[in-house]
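Structure first, then comments.
The values are calculated or read from the model by the stated rules, or taken from the named source; none is laboratory data. Everything numeric here is computed off the predicted structure, so don't read it as measured data. Because the Cβ atoms are built from the backbone with ideal geometry, glycine has one as well, and the counts that use them run over all protein chains shown.
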Amino acid sequence: MAAKHNYQLFDITLARRTQVSASLVRFTFTGPDVGHMATYAPDQRVKLFFPEGGGSLDPLFEIAKLEEHDWYGAYRALPDAQRPSARTYTIRALRPEKAEVDVEFVLHGDNGPASRWAMHARPGDRLAMTAPDANAEGPKLGYEWKPPKTCAVF
């Protein structure tokens, strides 16, 4: 049996949109597997994938199934015309017991795939996210902040 990858591709749906300030929006996502997501530090990196021009994320999910959860292999296997744009974000909050994850976006116009999506996003909109898999064995990845052992934050 192949080793389970530390990151998994999650199918997520926008549940709530909260305007934090004039240019900052918190998006709360949910999905059938969000309860299996993990975060290991306040700067936990994830990738979000944005369908452009009315495109679909289905090809990414279909290839990911064939690649046995190798999200990057699945992403690279897509033809350029079907490959969604990807951007790196930080998990703001994860509530696995509710299958919810929060990510904040800075709005800076209609000039990039993430900001464009965020400007127009409404509950029910679908994205793909790679995030740590809580069930994976091996090293915990995707963060840089390593507090001293005397720090009581975590």
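Observations
- Applying the condition of being within 23 Å of Asp70 (Cα to Cα) and among the aromatic types (Phe, Trp, Tyr) to segment 1-43 and asking which residue is modelled with the highest pLDDT yields Phe29.
- Checking Ile63 against (1) more than 30 Å from Pro147 (Cα to Cα); (2) surrounded by fewer than 14 Cβ atoms within 10 Å (Cβ to Cβ); (3) among the hydrophobic types (A, V, I, L, M, F, W, C), the condition it does not meet: (2)
- Given (1) in a helix (DSSP H, G or I); (2) at positive phi, index of the condition Gly138 fails: (1)
- Pairs, first closer than 30 Å to Gly138 by Cβ in segment 6-29, second assigned to a strand (DSSP E or B) and of a type in the set (Phe, Trp, Tyr), C-beta under 6 Å, six or more apart: Ile12/Phe29
- Scanning segment 120-132 for residues that are farther than 30 Å from Ala22 by Cα, surrounded by 11 or more Cβ atoms within 10 Å (Cβ to Cβ) and at pLDDT 90 or above turns up at least one hit.
- Scanning segment 66-94 for residues that are closer than 21 Å to Tyr143 by Cβ, in contact (Cβ under 8 Å) with a residue 60 or more places away in the chain and loosely packed, with under 15 Cβ neighbours inside 10 Å yields nothing.
- Every pair of residues 6+ apart whose Cβ atoms lie under 7 Å, when the first sits in segment 95-114 and is surrounded by fewer than 16 Cβ atoms within 10 Å (Cβ to Cβ) while the second is of a type in the set (Lys, Arg): Asp110/Arg116
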